[in-house]
Amino acid sequence: MKYLNISILVIGAILVGTGCFFFPFLNPGQQRLMAAQTAFKEKIFQPFFQNRRCQICHNFDAQRAGIFATHPDRTSNCTGCHSSTLLGFGPPDWKLPPDADKWSDSSDPNAVREHIMEMGPSLYNHLVGEGANKAPLVQWAFFNGPDTGPGAGQIHAGKVPTGGTGQEHPSGQIDNVDLLDWNKFKTAVQEWMCLEAKISGSPDLGLPANSCP
Ligand code: HEC
Ligand code: HEC
């Protein structure tokens, strides 16, 4: 009996884990919600939001000591080192997100999805805007994203200050391989928002017209 119980638990866990168990019982509306949540989690949250390039600002207090031991804390003057000359852009100034404590790499992806969707129509441009619509603090983390279009100057992707004792990138440049892939991110945001758009009553997230299949 004990073994039977354990095997039922194991089979149940496998079915739930693979999503096979509950899926047939969901109505079409629930299935669309689940598809959007899964796309956000797997294509956006895990590969991008959870990445160190984004985390290091969005979860700064927890990550700061990992930049290098004596990296200044949140009360320091960021632009004194991360200047607009160095970054190629500014305004906006290099700064911590105002809601830095709202999400981190260990947040529930569904909660992060709901939180960022509160941005409504400005969300699309905030994440993947280009030209006059670019968001430099986001684009800085991508090697093939930064554009020279109008807005806040040309973004020097992955540029960091020099002179920090024991810093990770003494050259002042994070390698391309350690930066994120803009084209991949843009495609993922597009795919995810198209799934959101299929949910009835879904908010306008600023996705350009006719961009869904
Ligand atoms: C005294 C100069 C100095 C000040 C002031 C400073 N930083 Fe830095 N910061 C550095 C240096 C040097 C690096 C590069 C570390 C490396 O080699 O990767 C860095 C790296 C970073 C990174 C990591 C980039 C990455 O992805 O690896 C973040 C994020 C960051 N700083 C945020 C801030 C914020 C936010 C402030 C203001 C609260 C600030 N810094 C103030 C010198 C400074
Ligand atoms: C230099 C620090 C910095 C880096 C690096 C950074 N952000 Fe932000 N982020 C900000 C600031 C500051 C804001 C507030 C809006 C603004 O000023 O652009 C913000 C706002 C946001 C928001 C909306 C508000 C919120 O917290 O939900 C999202 C979503 C976001 N960033 C995602 C990202 C992603 C994804 C990356 C990595 C590709 C990233 N950020 C990298 C500083 C940063």
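The values are calculated or read from the model by the stated rules, or taken from the named source; none is laboratory data. Just so it is clear, the model here is predicted, and its values are computed rather than measured. We place every Cβ from the backbone using ideal geometry, glycine too, and count neighbours over all the protein chains shown.
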Which of (1) among the charged types (D, E, K, R); (2) exposed (fewer than 15 other Cβ atoms within 10 Å of the Cβ); (3) at pLDDT 95 or above is the odd one out, the single condition K43 does not satisfy?
-> (2)
Test: residue in the stretch 169-188 that is part of a loop (DSSP other than H, G, I, E, B) and of a type in the set (S, T, N, Q) = yes
Counting only residues in the stretch 84-104 that are near ligand 1 (Cβ under 10 Å from one of its atoms) and surrounded by fewer than 17 Cβ atoms within 10 Å (Cβ to Cβ), the one nearest to T148 (Cα to Cα) is identified as D93
Name every residue in the stretch 57-71 that is within 14 Å of ligand 2 (Cβ to nearest atom) and part of a loop (DSSP other than H, G, I, E, B), in order of residue number.
-> N59, H71
With the condition kept exactly as written, say whether any residue in the stretch 66-73 is at pLDDT 95 or above and either acidic (D, E) or over 22 Å from W182 (Cα atoms) (or both).
-> no
Would you kindly identify the helices (runs of 4 or more DSSP H) lying entirely within the stretch 85-154 that contain at least 2 residues that are within 24 Å of K41 (Cα to Cα), within 9 Å of ligand 2 (Cβ to nearest atom) and touching a Leu at 6+ places or on another chain (Cβ under 8 Å)?
-> 136-139
Filtered residues of the stretch 46-61 (kept if surrounded by fewer than 15 Cβ atoms within 10 Å (Cβ to Cβ) and away from ligand 1 (no atom under 12 Å from the Cβ)) = Q46, P47
Is it true that some residue in the stretch 196-205 is within 16 Å of ligand 2 (Cβ to nearest atom) and free of Cβ contacts under 8 Å to residues at least 40 places away in the same chain?
-> no
Per-region count, the stretch 52-76, residues out of contact with any Ser or Thr (no Cβ under 9 Å at 6 or more places or on another chain) and of a type in the set (G, A, S) | 3
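Residue-wise test of (1) farther than 18 Å from R52 by Cα; (2) crowded, with 18+ Cβ neighbours inside 10 Å; (3) within 12 Å of ligand 1 (Cβ to nearest atom); (4) at pLDDT 95 or above.
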{"position": "G145", "(1), (2), (3), (4)": "no, yes, no, no"}
{"position": "A152", "(1), (2), (3), (4)": "yes, yes, no, no"}
{"position": "I155", "(1), (2), (3), (4)": "yes, yes, no, no"}
{"position": "I174", "(1), (2), (3), (4)": "no, yes, yes, yes"}
{"position": "A188", "(1), (2), (3), (4)": "yes, yes, no, yes"}
{"position": "E196", "(1), (2), (3), (4)": "yes, yes, no, yes"}
